[in-house]
1. GNM on the chain, C-alpha springs below 10 Å: top fluctuator among VAL55, VAL113, VAL73?
2. If amide H atoms are built 1.01 Å from N in the plane of the peptide, which residues on other chains or at least 5 residues away come under 5 Å of the amide H of LEU28?
3. Before I look further, what does the chain give for accessible area per residue, probe 1.4 Å, in whole square angstrom?
4. Please build a GNM for the chain, connecting alpha carbons under 10 Å apart, and tell me which residue among GLY117, GLY61, GLY50 fluctuates the most.
5. For labels at LYS177 and TYR97 in the simple 7 Å Cα→Cβ model, what's the distance in nm?
6. Per 0.36 nm of contour for each residue apart, how much would the distance between ASP46 and SER155 grow if the chain were fully extended, relative to their Cα-Cα spacing?
7. Restricting to DSSP H runs of at least four residues, report the calculated mean residue ellipticity at 222 nm for the chain, -39500 (n - 2.57) per run over all residues, nearest 500 deg cm²/dmol.
8. For helix 2-19, report the angle its Cα long axis makes with the longest principal axis of the Cα atoms of the chain; keep it between 0 and 90° and round to the nearest 10°.
Amino acid sequence: MKKQILVLTVFISLLFLSCGSGGELLWLDNPTDEAISVEIDGKKYDIAPGELKRVPDGTSGKQKFKGVDGKEVEIEINGVSFINCTNATYIECAIEYSINPNSASTLPEAVEVEIAGDKYTGNFKVHTDIVIPHSNINYNVTEPLKDEISITGNSTIINKMYRIKDFLADSDMETYKN
């Protein structure tokens, strides 16, 4: 009986080790209308048009990245990240939902950013780097905002990452345009 328990324990331990991630959660995005291929440390990833692809085992630390431009650069993955495979522009938007519209906002001071030649004022961050931190994103580039959300406390802040074309097509963003 002890032998069977030991064998079962070893089996379960090996199972968990084999299922464990090899690093941080990592996403590769293709905002284009054509299939692309990129490499991370020599491993090729094919990404379909419009696809947000999860790297199955993740990765962390310093890596060699070769994007669609064919240039190889060193990147560093520290935490959940999003790889900008095509040198595109992404916009992170923080939105606060409140039970009482008269309560003070907990968002930082709004900033003015330029996006596609127009100026917008709001809680935006414009990203053009290859590695974009993604741990605080509630809605990624392929997830639309929900019509209803749950508010905890007096207010809830959600963060949405947009591809530039989706940001420009979102009619709600017109209210932030200067």
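The values are calculated or read from the model by the stated rules, or taken from the named source; none is laboratory data. Keep in mind it's a predicted model, so treat the numbers as computed, not measured. Cβ sites come from the backbone with ideal geometry, for glycine too, and all protein chains shown count toward neighbours. For the accessible areas, the whole protein counts, side chains as well, though only heavy atoms, and no ligand, DNA or RNA atoms are used. Shrake-Rupley method; radii C 1.70, N 1.55, O 1.52, S 1.80 Å.
1. VAL73
2. For LEU28, the qualifying residues are LYS53, ARG54, VAL55, ILE83.
3. Details: 11020 Å² over 178 residues.
On a per-residue basis, 62 Å².
4. GLY117
5. Placing both labels 7 Å beyond Cα along the Cβ direction yields 2.6 nm.
6. This chain segment gains 35.2 nm when fully extended.
7. -4000 deg cm²/dmol
8. 40
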